[in-house]
Every structure is written in structure tokens, then in C-alpha cells.
Amino acid sequence: MTTTRLTRYDRSMLRLMNDRRAAAWYATAARRRLAVAAHVTLTVAIGALMTHFFLAEGEPLWPVAVTAVLLLPWMVATGVINGATRGVLELRERALDERQSAERSHALARAHRVTTLLLAAVVVTLLITGGVAGDAPKAYAAPLLIAVLVVHWVMPLWMAGWRAQDEPAEDDVLEAEILGR
């Protein structure tokens, strides 16, 4: 922890992010990665539904209804990932210790590299498609750029959740304390 005093908000968020009641959902690497995979899948599905809603003729309302239904499991998966990372991306910097701050910086740097490559791929795809067709595909430019923005927003969470380490077993902690490690 830093020497800066924590506000009431910081303390409540720290308590919330370190609440272990749902630890069974992310106790193993496989479960954490499943939560990240589910979150990615739900994000893609919601994005596809919203793209369909904006590009479809006649403005059907079923994509909005399905999106609303998918938002609940999306929020649960977000909470599972935040719990697995102990809120390393949600807490303010002053509420993090040195290890958590380094984890946050690493997740943000890796996510930045991935989203930069994704943005470059989208730009190249739009330029190639526009060159072949003779005109830029304007209808798809906005949805693609919105998709990249959403991925840019959630990629640090995905990276942190994917790389989260297992909690040490209580026996390991006690043994380390006894041996003075």
C-alpha cells in the first residue's frame, strides 16, 4: 500500500474486490480462463447483435432484447474476473500494493499492444476492401471501430484475468511464516 490515505470509497472497493465468498468461481486457472473465454464470447455476441440492429433494414427489436438478456451473464463474468484479479484494474492506484501495481502495468501494456495490432488490422482491412471495391465500406467502418474501442476497453481485464495466479494454499502461507520466508 502507498502512504496516501485511502478514502471511504477506496476502502469499500478494496473490501468488495477482496471478498472471497465467490472464490470457487475462479479458484483454478482453468476456471479463470473459462470466465475470460465466456466474457470474450459474450462481448462478441453482444457486439454482433448491436451491429445487426444498426445495420438491419426495418430496425428489428429482437437484437436489443437478446442483448439485454446477455448483459447479465456478461456482468457476472466481469465480476468473476475482477474477483480473480482482486480488482487490480478497478481499484485506484493508491489502493494497490507494489505487486498489484506491477500486474496492472503489465496487463495494460500487453493489452495496449494487442489492441494496437487489432486496430492496425481493421484499418488495413478497410483500406484493402475499399481499394478492391473502389469505395470505402462506410456501413462497416463505424461498427468495426466501435468493436475495436470495446475490445480496447475490456482487453486489460481479459489480460489480467487470463494471467491471474492461483492463491497460495493456507498450508503454504503457514509454512512460509514458520520458516521465515
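The values are calculated or read from the model by the stated rules, or taken from the named source; none is laboratory data. Here the structure is a predicted model, which is why all the values come from computation and not from measurement. Quick reminder, even Gly has a Cβ in these numbers, built from the backbone with ideal geometry, and neighbours come from all protein chains shown. What goes into the accessible areas is simple: the full protein's heavy atoms, side chains included, and nothing from ligands, DNA or RNA. Shrake-Rupley method; radii C 1.70, N 1.55, O 1.52, S 1.80 Å.
Per residue, the accessible area of the chain comes to 66 Å², computed with a 1.4 Å probe over protein heavy atoms only.
Computed across the chain, the Kirkwood hydrodynamic radius from all distinct Cα-Cα pairs reaches 18.9 Å. Within the shell defined by Cβ-Cβ distances under 12 Å, the residues around residue 15 carry a net charge of +3, with Lys and Arg each +1 and Asp and Glu each -1. Its relative contact order, with pairs defined as Cα atoms under 8 Å and 6+ residues apart, puts the stretch 58-154 at 18 percent. Summing Cβ point charges (Lys, Arg +1; Asp, Glu -1) relative to the Cα centre of the chain gives a dipole of roughly 320 debye. If you run the Gaussian network model on the chain, springs between alpha carbon atoms under 10 Å, then out of 134, 83, 161 the most flexible one is 134. For the options 130, 58, 79, a Gaussian network treatment of the chain with springs between C-alpha atoms closer than 10 Å singles out 58 as fluctuating the most.
At q = 0.12, 0.16, 0.24 Å⁻¹ the log10 of I(q)/I(0) for the stretch 1-63 amounts to -0.62, -0.77, -0.95, computed by Debye summation with a single uniform scatterer per C-alpha, solvent ignored. Taking a virtual spin label 7 Å from the Cα of residue 93 along the C-beta vector, which residues in the stretch 1-34 bring their backbone nitrogen under 13 Å of it? Counting backbone N atoms under 13 Å from the label point, the list is 2-4. In this Cβ point-charge picture (+1 for Lys and Arg, -1 for Asp and Glu), the stretch 95-143 has a dipole of about 60 debye about its Cα centre. Tell me, what is the percent relative contact order of the stretch 1-123, built from C-alpha pairs under 8 Å that lie six or more residues apart? Relative contact order of the stretch 1-123: 38 percent.
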